[in-house]
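To keep things clear, I will list the structure first and then write my remarks on it.
The values are calculated or read from the model by the stated rules, or taken from the named source; none is laboratory data. All of these numbers come straight from a predicted model, not from anything done at the bench. Glycine gets a Cβ as well: all are built from the backbone with ideal geometry, and neighbour counts include every protein chain shown.
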Amino acid sequence: MIAVVVLAVTGCSGAAEARDPAQNDGGQFVFATGKGITCLDPHVGGDMPQASLAANYLDSIVSMDEDGGIHPWLATSWEVSDDGLRYTFHLRDDVTFTDGTPFNAAAVKANLEHMVDPDTHSGTAGGYLEPYVKTTVVDETTAVVTLDRPYAAFLEVLAQPFLGIQSPKALQRPQAENCASPVGTGPFKVVDYVPQSEVKLVRNEDYNSAPPFAEHQGPAHIAELVWRIIPEDATRYGMLRAGQVDAIDRMPAVNFAEARADDRVSLILQDRPGNPTNLTFNITRPPFDDIRVRKAFLYGSYVKAGIESVYFGTVTHGGGPLSSATRFYSPRFENVYAPDQAKANRLLDKAGWTGRDDEGYRTKDGKRLSVVLPYDPVSWPSAFTALMTQLQASAKQIGIEMVIQNLDTATVTERTNNFKYDLRAGYWNTNTADVLRIILSSEYLPSNGFGSNKAGLSDPELDRILNAALATNDADERRKLYLQAQEIVSDGAYQLTLFNQASQIGVRTDRVSGVRLEPSLSVPYLYDAKVVAAS
Amino acid sequence: MSTAIQDPAVTQPPGPHQTSRNRRARSGDLARLILDIPLGIWGAAAVLVFLLLAAAAPQLFMTHDPYAVDPSAAFTVPGTEHLFGTDQNGRDVFSRVVAGAGQSLLIGFTATAIGLTLGGLLGITAGVMGRFVDTAISRAVEVLFAFPGLLLALIVIAISGTGVITSAVAVGIGTAPGYARMLRTQTLQVVAAPYVETAHALGRSPAYTLWHTVIPNVVRPLLVLATLGVGQAVVWASSLSFLGLGAQPPAAEWGAMLADGRSYIQIAWWIAVFPGLFITLAALTTTVVGRYAQRRLEGQE
């Protein structure tokens with residue numbers, strides 16, 4: 001009750017902010033995002049909300065088009081050595097960071113080194129740069145990056161906002177400071193950040209480095225960009241309807257029908273490439289160290305029915321290791337584990353979980369078959385919470401107790417980093433099938449410095465195939481290798497994949513136009529956006 | 001208090017203890033007493049009895065399994081099959097509300113008991129011991145007062161983790177400073193009362209006086225305070241569950257149900273409205289009944 005009042009109050013606090021397009025040509029654009037941001041610098045950690053914001057104030061070395069093709073951006077051209085180990089980038093000489101620092105080869109070096117520096121704690125960008133060895137500054141506009149092995153996905157990841165280029169001068173400040181006021185060469189610059197509340201950005205009047213996928217050149221159309229953080233689904237959508245914000249992400253599934261019927265609102269929907277939203281099994285401890293229990297859990301889960309009932313068809317089922325929007329995705333693994341309770345029960349019997357306790361759960365040696373999902377309800381949409389409840393109920397039908405443990409974000413992170421879970425809710429958005437290496441190869445076990453392998457898997461054969469796929473630029477060869485990899489991952493039953501990650505943006509088209517998605521990660525891109533009518 | 005004046009009990013000279021004669025007079029006039037109670041109080045009491053019954057024996061009322069998930073039956077409109085409709089997972093909202101009564105009231109009563117016990121220990125100790133102990137306890141309680149009660153409860157949860165028991169303890173601790181202050185004042189009044197001086201004059205030992213004279217007179221008004229406190233504790237416990245810090249899924253706890261339902265308010269109002277209504281009813285009825293009891297007691301004194 002108290003909480004309802006608090007939400008209602010915070011929901012209204014921004015309402016009074018009237019915008020005045022006459023005051024600043026171009027006007028103000030207010031965007032509301034559904035997931036909090038702890039550090040704005042996308043090199044640190046690396047979660048989607050950081051990438052969404054970064055796409056609007058950082059430029060990247062190269063850019064990607066809608067079809068996955070790589071194009072120039074801050075680099076005008078590049079050459080790759082025959083062994084695939086040396087990338088020579090030729091850089092623009094007329095670009096300046098918004099703090100006045102010139103962009104040059106030294107800036108490229110400083111950024112890549114910032115991402116791989118263990119002190120940066122860069123799970124995403126740093127993880128992608130695992131093969132990085134060094135950058136040599138040849139002259140102002142030439143940088144040579146050396147890798148320790150061929151890395152076919154290198155340019156693809158460089159195009160992502162996670163690897164956006166920041167001012168080397170700004171990067172030298174303490175991390176907390178750079179987290180609050182990162183500096184780039186992009187179309188907007190961060191001027192104010194109130195943690196967990198809002199980020200204020202203003203137009204970079206000197207912007208001259210728009211990427212090829214942009215629809216215009218020079219400064220952005222809108223003068224001021226306010227990026228508000230509104231985790232509460234109903235509040236965020238209500239603000240869009242009430243005209244307090246111009247666009248929102250994480251469109252609540254329950255409101256799609258109403259938004260579609262509203263001619264002032266349009267939806268921008270795009271599935272993202274990478275690893276679908278999933279529950280990953282921790283195979284380093286019982287009971288999921290036993291593949292039969294993992295497979296039983298998969299056969300016992302009614303994912304499609306759950307998605308239809310709580311997501312109302314707003315997400316696409318993703319049953320395999322890769323999202324269907326990923327290059328080299330194979331549809332063959334979508335329905336490998338179609339629900340089959342009889343099969344699930346047989347597998348659990350075989351695994352020795354034959355006893356039953358008075359609540360109907362299976363037991364072995366007097367111990368209940370119980371698995372824990374540490375869960376942070378604030379970080380997930382309410383539809384996802386409902387889906388978890390349904391999976392909990394379907395697991396119970398085959399005698400597995402699935403404990404959904406509601407915790408705060410920090411505690412969930414701590415548990416996740418130390419393998420203190422049986423199930424972990426997650427996803428990994430990236431524009432390459434190499435995501436399988438990031439989430440399942442032994443290089444990314446916490447013991448090897450990175451912690452993105454949440455299953456705890458160490459499979460030399462899978463490691464070999466995934467690295468072989470990076471060593472060749474032959475598309476057919478890569479397709480063959482990634483097919484093998486998908487098969488190994490599917491057979492191993494390391495994840496219950498649920499649905500494809502998607503950008504779901506609701507836009508007030510009576511107020512703004514030109515809202516688009518940046519192609520590498522499909523995050524909202526407001527450089528081409530215009531305010532067409534004020535409230 | 002026009003009704004109270006007609007109560008023969010009131011015509012008795014006011015005293016610290018109810019005498020046995022007093023009690024006899026009451027039971028003899030039970031019929032009149034019943035007629036004296038206003039209709040609103042009867043209504044509140046009836047709802048309270050329903051809630052207590054639902055808490056004690058939910059199977060008497062539940063029409064469905066409150067935890068049975070059926071996606072194909074999600075968002076069913078309230079009707080004869082599902083009295084309060086179904087939620088986003090196809091679970092029967094009425095059965096969940098009934099099942100939730102136990103959790104919510106259990107937390108409410110446990111939390112109040114914990115709050116009263118803690119507050120009582122602090123308040124009575126401060127009131128009886130006087131001087132340094134009083135000053136120390138009063139300052140400590142004032143420090144705790146600097147935190148809003150719910151914040152204090154959140155701190156307890158942050159330290160000890162989420163769950164039904166911890167949220168009861170957390171709410172109990174959150175309310176304890178308020179009780180401590182009230183009971184200290186009450187104790188000071190009782191200690192200064194003539195009948196306590198009389199007890200001293202009669203040569204009773206301090207311990208005897210404390211147990212037989214002071215504590216009974218301090219504790220008696222507590223019963224009323226406790227009834228009022230239960231309503232507040234139910235609301236607080238629901239708030240914690242609403243924030244995801246109390247009952248864990250799939251528990252049918254009113255606050256958690258309200259939190260789950262709020263996203264669907266536009267397409268299925270019943271998922272959030274019924275648990276919300278019952279939180280309000282629980283708080284309202286305990287408060288109404290408690291206030292009435294308080295007035296009756298005060299009227300006697």
**Request:** Kindly indicate whether A:Thr76 is more than 21 Å from A:Asn56 (Cα to Cα) and hydroxyl-bearing (Ser, Thr, Tyr).
**Result:** no
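Report, by residue number, each residue of the stretch A:288-310 that is of a type outside the set (Ser, Thr, Tyr) and either without any contact (Cβ under 8 Å) to a residue 40 or more places away in the chain or within 14 Å of another protein chain (Cβ to nearest Cβ) (or both). Reasoning before the result, please.
The initial filter retains those residues of the stretch A:288-310 that are of a type outside the set (Ser, Thr, Tyr), namely A:288-298, A:300, A:303-308, A:310.
Of everything in the stretch A:288-310, those that are of a type outside the set (Ser, Thr, Tyr) and either without any contact (Cβ under 8 Å) to a residue 40 or more places away in the chain or within 14 Å of another protein chain (Cβ to nearest Cβ) (or both) turn out to be A:Asp289, A:Gly300, A:Val303, A:Lys304, A:Ala305, A:Gly306, A:Ile307, A:Glu308, A:Val310.
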**Asked** So which of A:Leu74, A:Leu85, A:Leu112, A:Leu91 is surrounded by fewer than 19 Cβ atoms within 10 Å (Cβ to Cβ) and in contact with a Ser or Thr (Cβ under 7 Å, 6 or more places away or on another chain)?
**Response** A:Leu85
**Prompt:** Hey, does the stretch A:360-375 have a residue that's within 12 Å of chain B (Cβ to nearest Cβ), on the phi > 0 side of the Ramachandran plot, out of contact with any strand residue (DSSP E or B) (no Cβ under 7 Å at 6 or more places or on another chain) and not in a helix (DSSP H, G or I)?
**Reply:** yes
**Request:** Would you tally the residues in the stretch A:23-42 being surrounded by 24 or more Cβ atoms within 10 Å (Cβ to Cβ) and under 13 Å from the mean Cα position of the chain (by Cα)?
**Result:** 1
**Long-range neighbours under 6 Å by Cβ, at least six apart or interchain, first residue on the phi > 0 side of the Ramachandran plot within the stretch A:81-102, second surrounded by 13 or more Cβ atoms within 10 Å (Cβ to Cβ)** = A:Gly84/A:Pro150
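Sort out for me the helices (runs of 4 or more DSSP H) sitting completely within the stretch B:190-301 that have 2 or more residues that are more than 11 Å from chain A (Cβ to nearest Cβ). Steps first, answer last, please.
Working: elements: B:194-201, B:206-209, B:215-219, B:222-242, B:254-261, B:270-300.
Here the list reads B:194-201, B:206-209, B:215-219, B:222-242, B:270-300.
Return yes when B:Leu121 is within 20 Å of the chain's Cα centre (by Cα), surrounded by fewer than 18 Cβ atoms within 10 Å (Cβ to Cβ) and either outside any helix (DSSP H, G or I) or within 14 Å of another protein chain (Cβ to nearest Cβ) (or both) and no when it is not.
On the way: within 20 Å of the chain's Cα centre (by Cα): yes; surrounded by fewer than 18 Cβ atoms within 10 Å (Cβ to Cβ): yes; either outside any helix (DSSP H, G or I) or within 14 Å of another protein chain (Cβ to nearest Cβ) (or both): no.
So B:Leu121 does not fit the description; no.
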**Asked** Taking the stretch A:341-359 as the search range and keeping residues that are in a helix (DSSP H, G or I) and of a type outside the set (Lys, Arg), which one is farthest from the other protein chains (Cβ to nearest Cβ)?
**Response** A:Asp349
**Item:** Candidates A:Gly318, A:Gly306, A:Gly300, filtered to the one that is within 22 Å of the chain's Cα centre (by Cα) and not basic (Lys, Arg)
**Value:** A:Gly318
**Asked** Which is surrounded by fewer than 22 Cβ atoms within 10 Å (Cβ to Cβ), out of contact with any Phe, Trp or Tyr (no Cβ under 6 Å at 6 or more places or on another chain), closer than 30 Å to B:Trp42 by Cβ and at pLDDT 90 or above, of B:Leu222, B:Leu284?
**Response** B:Leu284
**Request:** Give, as residue ranges, the strands (runs of 3 or more DSSP E) completely inside the stretch A:117-203 that count at least 2 residues that are among the charged types (D, E, K, R) and over 18 Å from A:Trp78 (Cβ atoms).
**Result:** A:188-194, A:198-203
**Prompt:** What is the one condition in (1) modelled with pLDDT of 90 or more; (2) away from every other protein chain (no Cβ under 14 Å); (3) within 30 Å of A:Gly34 (Cα to Cα); (4) buried (at least 20 other Cβ atoms within 10 Å of the Cβ) that A:Asn431 does not satisfy?
**Reply:** (1)
**Message:** If I go through the stretch A:376-386 residue by residue, how many of them are among the hydrophobic types (A, V, I, L, M, F, W, C), more than 9 Å from every other protein chain (Cβ to nearest Cβ) and assigned to a helix (DSSP H, G or I)?
**Reply:** 1
**Residue that is nearest to the chain's Cα centre (by Cα), among those in the stretch A:208-231 that are buried (at least 19 other Cβ atoms within 10 Å of the Cβ) and among the charged types (D, E, K, R)** = A:Arg228
**Prompt:** Are there any pairs, at least 6 apart or on different chains, whose C-beta atoms fall under 6 Å, with the first in the stretch B:61-80 and more than 10 Å from chain A (Cβ to nearest Cβ) and in contact (Cβ under 8 Å) with a residue 12 or more places away in the chain and the second hydrophobic (A, V, I, L, M, F, W, C) and crowded, with 18+ Cβ neighbours inside 10 Å, and if so, which?
**Reply:** B:Phe61/B:Ala54; B:Phe61/B:Val98; B:Met62/B:Val98; B:Pro66/B:Ala99; B:Pro66/B:Ala252; B:Pro78/B:Phe84; B:Pro78/B:Trp270
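Out of A:Glu130, A:Glu140, A:Glu113, report the one residue that is touching a residue at least 12 places away in the same chain (Cβ under 8 Å), touching an Asp or Glu at 6+ places or on another chain (Cβ under 7 Å) and over 27 Å from A:Tyr527 (Cβ atoms). Steps first, please.
Details: A:Glu140 fails: over 27 Å from A:Tyr527 (Cβ atoms); A:Glu113 fails: touching an Asp or Glu at 6+ places or on another chain (Cβ under 7 Å).
Only one candidate qualifies: A:Glu130.
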**Asked** Within the stretch B:31-47, can you find the residues that are surrounded by 13 or more Cβ atoms within 10 Å (Cβ to Cβ) and touching a residue at least 60 places away in the same chain (Cβ under 8 Å)?
**Response** B:Ile37, B:Ile41, B:Ala44, B:Ala45, B:Val47
**Message:** What pairs come out if I take residues in the stretch A:452-465 that are within 16 Å of A:Ala493 (Cβ to Cβ) and pair them with residues that are of a type in the set (Val, Ile, Thr) and assigned to a loop (DSSP other than H, G, I, E, B) whose C-beta lies under 7 Å away, six or more apart or interchain?
**Reply:** A:Ala455/A:Ile283; A:Gly456/A:Ile283; A:Gly456/A:Thr284; A:Leu457/A:Ile283
**Complete:** All conditions in (1) surrounded by fewer than 16 Cβ atoms within 10 Å (Cβ to Cβ); (2) in contact (Cβ under 8 Å) with a residue 24 or more places away in the chain are true of A:Phe333 except (1)
**Flag if B:Gly255 is modelled with pLDDT of 80 or more and surrounded by fewer than 24 Cβ atoms within 10 Å (Cβ to Cβ)** = no
**Request:** Pull up the stretch A:389-402, narrow it to residues that are touching a Leu at 6+ places or on another chain (Cβ under 7 Å) and outside any loop (DSSP other than H, G, I, E, B), then point me to the one that is farthest from A:Tyr427 (Cα to Cα).
**Result:** A:Glu401
**Request:** All but one of (1) within 11 Å of chain B (Cβ to nearest Cβ); (2) at pLDDT 90 or above hold for A:Ile400, so report the exception by its number.
**Result:** (1)
